[in-house]
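Structure first, then comments.
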Amino acid sequence: MNSYSASKKIFLTIFCISLLLFSTKWVLSFIYYNNEDLTIKIINDSIADSHTYFHYIKSLANLNFNALYNTELSTIYYLPIPYGSVIFHTIFYKLFGDLSFILLELIGVFLFISIFFSIFRLLSFSIFTSILISIFLYVLPEVLLFFKYFGIVELKSFADNFYNLRF
């Protein structure tokens, strides 16, 4: 098997694994909350404080720099938008709409597994071992959440900060 064919097969394998890991969250969301609007699903399923950035993305996508989403406030000044953290999401939002958040989450899972796979391959691990350890590292924060009841602060800190799908 030539090198191009082997790398294509590995790429496809990593993509399928990423799709499987990614889809468990969203398939369950669509099954259990099938009557919810997609925007509400995205906001409710977002990690930590990601939901606070959605209005920035919408404002930047519409080039509306003084939009306030709180009806009790009013301003005639332009609002600061953290461009660095939302520009990529804004471009995808303009291209794909609300579906862009789900698509970017899939890309994030794929990139995580691909990057760690590449690191382990550079460390001379086998292909199977590299994929397996990459998957393990991806699910490790979720696994460690089961141990939060033991009161080990370091495990909770690692689980909260190692990797997540927030912006």
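Restricting attention to the range 91-110 and to residues that are over 17 Å from Ile10 (Cα atoms) and free of Cβ contacts under 8 Å to residues at least 24 places away in the same chain, the residue that is surrounded by the most Cβ atoms within 10 Å (Cβ to Cβ) turns out to be Ser100.
The residues of the range 111-167 that are of a type in the set (Asp, Glu) and either within 23 Å of Phe101 (Cβ to Cβ) or at pLDDT 90 or above (or both), listed by number, are Glu142, Asp160. The lone criterion from (1) under 21 Å from Ile43 (Cα atoms); (2) outside any loop (DSSP other than H, G, I, E, B) left unmet by Tyr138 is number (1). Note on the range 1-85: enclosed helices (runs of 4 or more DSSP H) holding 2 or more residues that are at pLDDT 70 or above and open to solvent by 100 Å² or more (accessible area, probe 1.4 Å) are 3-32. Considering only the range 111-133, I want to know if a residue exists there that is in a loop (DSSP other than H, G, I, E, B), touching a Ser or Thr at 6+ places or on another chain (Cβ under 7 Å) and open to solvent by 50 Å² or more (accessible area, probe 1.4 Å). Taking every residue of the range 111-133 in turn, none turns out to be in a loop (DSSP other than H, G, I, E, B), touching a Ser or Thr at 6+ places or on another chain (Cβ under 7 Å) and open to solvent by 50 Å² or more (accessible area, probe 1.4 Å).
The values are calculated or read from the model by the stated rules, or taken from the named source; none is laboratory data. Note that this is a predicted model, so its numbers are computed, not measured. Note that each Cβ is placed from the backbone with ideal geometry, even for glycine, and that neighbours are counted across all protein chains shown. The area values use the complete protein model at the heavy-atom level, side chains included, leaving out ligands, DNA and RNA. Shrake-Rupley method; radii C 1.70, N 1.55, O 1.52, S 1.80 Å.
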